[in-house]
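Below is one structure; the comments refer to it alone.
The numbers here are math on the coordinates, done by the rules we state, and not lab data. Note that the structure is a prediction, hence the values are computed from the model and not measured. Positions of Cβ are generated from backbone atoms using ideal geometry, with glycine treated the same way; all protein chains shown enter the neighbour counts.
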Amino acid sequence: MSNYNWCHNPDCHTIHTQSRVRGTGDNKVLRTRKIALNSEWIRNSIYAYFCNQNCLHQFLNKFATEIANTYSVKKPSETPIKVEKVQEKDYYNNPYTRISITRVNNDNRK
C-alpha cells in the first residue's frame, strides 16, 4: 500500500498555486498535488482522495449526476420510532415536558 494518493480532482493541476509548480528554468508545469496518508484520520476520510475542500467541491460539482446515479434512491427510507412525552424537572426543580424519541427495533420489517 502506498503512503500517498494523487488528488482525484481532474482539474487539480490547473489551479495556480505555488505548491503545484514543478520543474526548473523554462520547463515548469503545474502538477496535481500529492496527498500524504500519514494519519488514520486522513486515510479514513474523503481527504485521502482530495488535497483540499476546493478540489473536493470542484469534483462534486463536475460529477454530481454520476455520483448520484451510482446509488439511486427510488423511495424514502424510514426508521420506526416511539414518541413519548416525559415529565422532568430542571435545575431549579421546575417541571417541564420533554419529547423523547426512541428507535424501535422491529426485526420483522423489510
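The alpha carbon centroids of the stretch 1-52 and the stretch 74-95 are separated by 46 Å.
Using C-alpha pairs under 8 Å with a sequence gap of at least 6, the mean separation divided by the residue count of the stretch 4-70 gives a relative contact order of 37 percent.
Distances between placed amide hydrogens fall under 5 Å for residue 31 paired with 21, 22, all partners being 5 or more residues away or on another chain. Lacking any other cysteine beta-carbon closer than 4.7 Å, the following Cys residues of the chain have no compatible partner: 55. Taking the Cα centre of the chain as reference, the dipole from Cβ charges on Lys and Arg (+1) and Asp and Glu (-1) amounts to some 180 debye. Which residue, 27, 93, 52, has the most motion in a Gaussian network model of the chain that connects Cα atoms within less than 10 Å? Looking only at 27, 93, 52, the biggest GNM fluctuation is shown by 93. Simple rule: put +1 on each Lys or Arg Cβ and -1 on each Asp or Glu Cβ in the chain, find the dipole, and look at 47, 61, 91; the Cα lying farthest toward the positive end is 61. Overall, the anisotropy analysis places the stretch 4-70 in the oblate class: the square-rooted eigenvalues a ≥ b ≥ c of its C-alpha gyration tensor yield a/c not less than 1.5, with a/b not exceeding b/c.
Counting 0.36 nm for each residue step from residue 37 to residue 54 and taking away their Cα separation leaves a gain of 4.2 nm.
What the phi angles of the stretch 52-67 give under the Karplus curve with 6.51, -1.76 and 1.60, with θ = phi - 60°, is a coupling list of 6, 5, 4, 5, 4, 6, 4, 4, 5, 5, 6, 10, 4, 5, 5, 5 Hz, glycine and proline written as x. Within the shell defined by Cβ-Cβ distances under 10 Å, the residues around residue 12 carry a net charge of +2, with Lys and Arg each +1 and Asp and Glu each -1. In this structure, residue 6 and residue 29 have a Cβ-Cβ separation that, at R0 = 22 Å, corresponds to a calculated FRET efficiency of about 0.95.
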